[in-house]
Amino acid sequence: MDFQIVVLAGGFSKTLLPLVSKELPKALLPVADRPVLSFILELLEQSGIKNAIVVVEGESAALLISAWISRAFEDRLNVEVIAVPEDVGTAGAIREIGHRLTAKDILVLSGDLVTEIPLGAVAAAHRRHDAMVTSVLCSVTVSGPLDSGASSAKDKGKKAARVNIIGLDSTKTFLLHIAAGADVEKDIRVQKSILHSFGQMEIRSDLMDAHMYAFKRSALLDVLSQNDKFDSLRRDVLPYLVQTQLKSTLSSNGAQSEENGHDKDTLQIQKKMFSQLGNASIPNGSYASNLLSDPILKQTHKCVVYIANKTKYCARLNSIQAFSDINRDLVGDANHLLGYTLSSQNNIVDPSVILGSKTTVGPQCMVREGSEMGDKCSVKKSIIGRHCRIGSNVKISNSIVMNHVSIGDGCSIQGSIICSNVQIQERASLKDCQVGAGYVVTAGGDYKGESLVKKEK
């Protein structure tokens, strides 16, 4: 595959506090005891790709990520890590490295993706249709859309509010409309020219943008150059390319008219239509009478979709809830992505782990090397990292405990995330909490739905 590969790895994501820290950028957050970035880099390796650019926001994050890649992928991948300013956005990051892009086509991947979508098939679809952009779509996960944003411990149980509204042609080849997040809270405006040219548009709410795109390099850089306020590939660049894929919308007047949503150019679909939307289709015949005097509009460039097979796992670590969900999935139904063989108890317990008398580790659990547990402990649907020290009569369920954590006797931890080097003193109780690195939870403390962070000196 002769595409140039760009992985957008982010930096110290504010939406993932207190999981991230000055020592742990988003790309290195542990997913089943592996940095999340390792999944996309291994996918590149499995696809036969030898070279990649990893773009990181901020110099300090770039140094940490570069050092880890050098150790983990030495003699495996040739990765160039490039630091860009913080908070430039995905489009801004591409703009910053535009002079380093030389191939005809580029494949842009989010560094927080955990997926097995075949990159070769995406590249082939892009070339087969001679597309300007090919956007990868995948099935909506149980926890909600990939761009659902952060969720705190207190609203962890709430259903994700955002949904993607995606319009496809009848062959499910071309992307005709895309709206997500706040855009869906408003009435949706669909260009009549789209319906006139493609005959009908199938509207889907069961698909989401996987944040994996193939672009024609020259076209992408032209769009970014001409629109210097674009900072997001998903929110700015992709909708722009979709809206301007017909000849009439490429003129400045036409594009302005479409963007303003003038009645003569757009069809308004009321928001209430989407409250019960599964899949729907808008036939052209209902609106053709308004367009009989219009010529057939020429498609000037192609916005193509690659719809991933439902069996292919795809999730983004872009919120605290997603962090928990992905960890749960990887020691559950998606355990094949880890490459481990499950034990007869349907779990992963390193041979070096020491378990006390009457201590049980249930199915869909992982306990990593060097960790020790005292007597009468119970671990259910949880991940425990490396070199943890856990006392007796400790109950851990639906939780993630990172490395070098100390947990005293009689503690109870439910639905929580415990970062590295945390000390939880005896008889403490944590439910639906996140505990930042290095924090000390005092003995007997009872916490529910809280974020506990060590104060900076």
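The values are calculated or read from the model by the stated rules, or taken from the named source; none is laboratory data. Source: prediction; values computed, not measured. Glycine gets a Cβ as well: all are built from the backbone with ideal geometry, and neighbour counts include every protein chain shown. Please note that ligands, DNA and RNA were not included when accessible areas were found on the heavy atoms of the full protein model with its side chains. Shrake-Rupley method; radii C 1.70, N 1.55, O 1.52, S 1.80 Å.
If I ask for residues that are charged (D, E, K, R) and free of Cβ contacts under 8 Å to residues at least 12 places away in the same chain, which ones from the stretch 35-52 would you list?
42, the sole residue that qualifies.
So that you can scan it fast, the table gives a plain yes or no per residue for (1) at pLDDT 95 or above; (2) assigned to a loop (DSSP other than H, G, I, E, B); (3) not basic (Lys, Arg):
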residue: 333; (1), (2), (3): no, yes, yes
residue: 336; (1), (2), (3): no, no, yes
residue: 352; (1), (2), (3): yes, yes, yes
residue: 363; (1), (2), (3): yes, yes, yes
residue: 370; (1), (2), (3): yes, yes, yes
residue: 376; (1), (2), (3): yes, yes, no
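From the list 95, 76, pick out the single residue that is of a type in the set (D, E, K, R), surrounded by 16 or more Cβ atoms within 10 Å (Cβ to Cβ) and either touching a residue at least 12 places away in the same chain (Cβ under 8 Å) or outside any strand (DSSP E or B) (or both).
95
Check residue 137 against each of (1) modelled with pLDDT under 95; (2) part of a strand (DSSP E or B) and name the one condition it does not meet.
Unmet for residue 137, out of (1) modelled with pLDDT under 95; (2) part of a strand (DSSP E or B): (1).
Every residue in the stretch 98-113 that is part of a loop (DSSP other than H, G, I, E, B) and crowded, with 21+ Cβ neighbours inside 10 Å, please.
111, 112
If you go through the stretch 229-249, how many residues are open to solvent by 30 Å² or more (accessible area, probe 1.4 Å) and either without any contact (Cβ under 8 Å) to a residue 60 or more places away in the chain or touching a Pro at 6+ places or on another chain (Cβ under 6 Å) (or both)?
6
Which residue, of 206, 228, 263, is over 24 Å from residue 123 (Cβ atoms) and at pLDDT below 85?
263
Go through (1) without any contact (Cβ under 8 Å) to a residue 60 or more places away in the chain; (2) open to solvent by 30 Å² or more (accessible area, probe 1.4 Å); (3) under 24 Å from residue 118 (Cα atoms) for residue 55 and report which single condition fails.
Only one criterion is unmet by residue 55, namely (2).
I want to confirm something. Restricting to the stretch 58-73 and keeping residues that are touching a residue at least 40 places away in the same chain (Cβ under 8 Å) and closer than 28 Å to residue 120 by Cβ, which single residue is least open to solvent (accessible area, probe 1.4 Å)?
That would be 65.
What number of residues within the stretch 1-58 satisfy the criterion of being of a type in the set (Ser, Thr, Tyr) and within 17 Å of residue 90 (Cα to Cα)?
Qualifying residue count, the stretch 1-58: 2.
Kindly provide the set of residues from the stretch 398-412 that are within 8 Å of residue 382 (Cα to Cα) and open to solvent by 30 Å² or more (accessible area, probe 1.4 Å), ordered by number.
The one that is within 8 Å of residue 382 (Cα to Cα) and open to solvent by 30 Å² or more (accessible area, probe 1.4 Å): 398.
Residues being surrounded by 15 or more Cβ atoms within 10 Å (Cβ to Cβ) and among the small types (Gly, Ala, Ser): count how many of those fall in the stretch 299-343.
Count: 6.
Identify, by number, the condition in (1) open to solvent by less than 10 Å² (accessible area, probe 1.4 Å); (2) closer than 30 Å to residue 140 by Cα that residue 88 doesn't meet.
Checking residue 88 against (1) open to solvent by less than 10 Å² (accessible area, probe 1.4 Å); (2) closer than 30 Å to residue 140 by Cα, the one that fails is (1).
Quick one: is residue 418 touching a residue at least 40 places away in the same chain (Cβ under 8 Å) and under 26 Å from the mean Cα position of the chain (by Cα)?
no
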